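Participant: Okay, here's the structure, questions in a sec.
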Amino acid sequence: MSIRSFRSVLSGRRVARAGVLVALGVASAAFMGTGTAAAAPVTCLSPPSANQILVSDAASCGATAAPGATARASAADSGTAVSVAERGGAAESHATGFGTALSGASDGGRSYAYALGGGLSHSWAEGPAMTVSVAGWGSGATADTTGVTCVGAQSFAVNTATGQWCAVGVGSTRR
């Protein structure tokens, strides 16, 4: 089977759906106790708080949401997670280790950023889109309205509005 025929079998939406499932599986494994936590985990929610910032030992989170939007950020170890949502958006970020996860959403978009054990993850969604970015130690992943980018062996990103995705530093779109 040639590469061209392989690409015709896999549509952009099928690949995006499969990628989302892989990212959620990786994130689920990270939260089921596969890591060692040194600092008490913190979770920031908005609403009910308009702007919540919490720090526990070295872990920190921040979440802010405009009326009609939701933001959730959680961090453990020395991770930092920040989520911002406006105009009906839903943003969620999770960070462990020395990871940094940044998530933003507006106009009804859904955004998920996961930084597991030292990665840098950034996700931004607008409109009916959903974006997911997952980055592990020494890796980075970005999924936003301008494209997706993966750097390093432990990276994954997808944008369901465009069908763009990348993994392990391969398949990145131009930014």
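The values are calculated or read from the model by the stated rules, or taken from the named source; none is laboratory data. Predicted, not measured: the structure shown is a model, and the values here were computed from it. Ideal geometry is used to build each Cβ from the backbone, glycine not excepted, and the neighbour counts take in all protein chains shown. All accessible areas refer to the heavy atoms of the entire protein, side chains included, with ligands and DNA or RNA removed. Shrake-Rupley method; radii C 1.70, N 1.55, O 1.52, S 1.80 Å.
Participant: Can you order the peptides 87-94, 43-50, 108-115 by their average number of other Cβ atoms within 10 Å per residue, highest first? Walk me through the intermediate numbers first.
Facilitator: Working: 87-94: 24.6, 43-50: 15.6, 108-115: 27.4.
Order by mean packing, descending: 108-115, 87-94, 43-50.
Participant: With θ set to phi - 60°, apply the Karplus curve 6.51 cos²θ - 1.76 cosθ + 1.60 along segment 67-79 and write out the HN-Hα couplings as whole Hz, x wherever there is a Gly or Pro.
Facilitator: x, x, 10, 9, 9, 9, 9, 9, 9, 9, 6, 10, x
Participant: What residues have an amide H closer than 5 Å to that of Asp144, excluding those fewer than 5 places away on the same chain, when H is modeled at 1.01 Å from N in the peptide plane?
Facilitator: Amide H neighbours of Asp144, under 5 Å, 5+ apart: Trp124.
Participant: Hey, can you grab everything whose amide H is under 5 Å from the amide H of Ala81? Only 5+ residues off in sequence or another chain; H modelled, so Pro and N-termini drop out.
Facilitator: Residues meeting the criterion, in which the H sits 1.01 Å from N, are Ser60, Cys61, Gly62, Ala101.
Participant: Shifting gears a bit: Sequence-distant or interchain residues sharing an amide H contact under 5 Å with Ala71, placed H: which?
Facilitator: Distant-sequence amide H within range of Ala71: Ser46, Ala91.
Participant: Can you work out ³J(HN,Hα) from phi for every residue in segment 41-52, in order, using Karplus 6.51 cos²θ - 1.76 cosθ + 1.60 and θ = phi - 60°, giving whole Hz and x for Gly and Pro?
Facilitator: My calculation for segment 41-52 gives x, 10, 9, 10, 10, 8, x, x, 7, 6, 8, 10 Hz in order.
Participant: With every protein chain left in place, what is the accessible area of Val82 in Å² (1.4 Å probe, nearest 10)?
Facilitator: Around 50 Å² of this residue is reachable by solvent.
Participant: If you don't mind, there's one more thing I want to ask. Work through the residues other than Ser83 whose Cβ is under 12 Å from its Cβ and net out their charges, Lys, Arg +1 and Asp, Glu -1.
Facilitator: Numbers: positive: Arg72, Arg110; negative: Glu86, Glu92.
Here the count lands on 0.
Participant: So what are the ³J(HN,Hα) numbers for segment 117-132, from phi and the Karplus equation (6.51, -1.76, 1.60; θ = phi - 60°), rounded to whole Hz, Gly and Pro as x?
Facilitator: Per-residue couplings from phi come out as x, x, x, 10, 10, 9, 9, 9, 10, 10, x, x, 6, 10, 10, 9 Hz.
Participant: Leaving out ligands and nucleic acids, note down the accessible area per residue over segment 82-128 with a 1.4 angstrom probe, in whole Å². Display every interim value, and only then the final one.
Facilitator: Numbers: 1620 Å² over 47 residues.
Ligands and nucleic acids excluded, the result is 34 Å² per residue.
Participant: For segment 87-175, give the percent of accessible area contributed by carbon and sulfur heavy atoms, probe 1.4 Å, rounded to a whole number. Don't skip to the end; give the middle numbers.
Facilitator: Numbers: 2100 of 3450 Å².
For segment 87-175, the apolar C and S fraction of the accessible surface comes to 61 percent.
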